[in-house]
Amino acid sequence: MLPRRCRRLNQAVEERSFSLTSQNETGVRWTRYSEQLFTIKDGKRHSTAAAFLLPILDRLNLTTTTGALMTWLLFEGTRAVGVEYLHEGMLRQVNVLKVGDRLQLKAISDLKSLVSVLILEEYTVKILIQVIVSFFVFIVDVVYGDRSYARFYVLETIARVPYFSFLSVLHLYETLGFWRRADLLKVHFAETWNELHHLLIMESQGGNRYWGDRFIAQHIAVAYYWIVVLLYMLLPKYAYYLMELIEDHAYHTYDDYLKTHGEELKTQPAPQVAIDYYRDGDLYMFEEVQTATRGKFRHPQVDNLYDVFINIREDECAHVKTMEALQKPDARQSFYSPHTVFMAVKALPIDGDV
């Protein structure tokens, strides 16, 4: 039954001698007054689009076109099977899906469901990795929060271990003939060498003085080794993600320490192990961790302990960039070590050469 106001409006129209549905004199257009219609959803008045179209815009079997004028209904016998419409000056037709199309659409829908499951699994794996890293952060930041060099010793002991895991798995694959890429082996070994020198620097400052600190760091490192080995064999992308989080934490740890103790560090001499690694020794291994420099290597100054911590912090930043690069889908085929890139750039002809 019509609402009371609608009945009164219809009555007023008829009293004015207008038919609710009447044809004008030319017979070309229809002049009509129709009953008021409402779209109600959840007890509220909506437009038809807001009530029914917007909630289903992500459906695979729905295509929305605006600015279109429907000109014809398409029939097969007495069954409407599509429409013809005018859009941007062109007549177009769209038909309902046939059985084969429905099957194809179902396959696409199943694929979309599978992608959703994989996204959920990726989210779950990342949460698990973040939990593992949180334990590492708890040990470094909470247990050793007020003992800086012991804290850095533990940090470097644990942080270098995943690179051992990467190398072990890559050597296994190489031995079995599954996959061989010298560039990854070179870079990961250079990263272990880099972290080793960070560790030696912390030991030179007394970070490994106490047996308890060595015991905790070394036993956590052994556990981390096997965790990363399994993760790298099953899900290498997430092994690199784990290492990215660890190196990112290391970067911010050293950055905060520099902000707090910068002036004090500038008055202390650089240890000889840092001078040899960053300046006076064979710099090949140091250069090999600089994967984001495109063959332009960083050769920093090492005049005092402040410079040493700056260099360590920048090393951690370089590791983060490497881990990010190795998470790309084509990384195993497209990743090259810095010296490989350097030699390729060096071999390019100079402008004007033939």
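Every number in this text was worked out from the coordinates using simple rules, so none of it is lab data. Remember, it's a predicted structure, so these values are computed and weren't measured experimentally. Glycine also receives a Cβ, built like all others from the backbone with ideal geometry; neighbour counts cover every protein chain displayed.
What to note about this one:
- Angstrom value of the Kirkwood radius, inverse mean 1/r, which spans all Cα pairs in region 190-286: 15.8 Å
- Built amide H within the under 5 Å cut-off of Thr39, gap 5+: His46
- When the Cα gyration tensor is reduced to axis lengths a ≥ b ≥ c, the ratio a/c is 1.5 or higher for region 148-347, and with a/b not above b/c it is classed as oblate.
- Taking a sphere under 14 Å around the Cβ of Asn304 and counting the other residues whose Cβ falls inside, with K and R at +1 and D and E at -1, yields a net charge of -2.
- Given Lys186/Lys296; Lys186/Lys237; Lys186/Lys328; Lys186/Lys321; Lys296/Lys321; Lys237/Lys321, the pairs whose alpha carbons are separated by over 23 Å: none
- Region 148-347 - percent relative contact order, Cα under 8 Å, separation 6 or more: 27 percent
- Listed by Cβ neighbour count within 10 Å, with the fewest neighbours leading, Val302, Val81 appear as Val81, Val302.
- Seen through its C-alpha gyration tensor, with square-root eigenvalues sorted a ≥ b ≥ c, region 150-247 comes out prolate because a/c lies at 1.5 or above while a/b is bigger than b/c.
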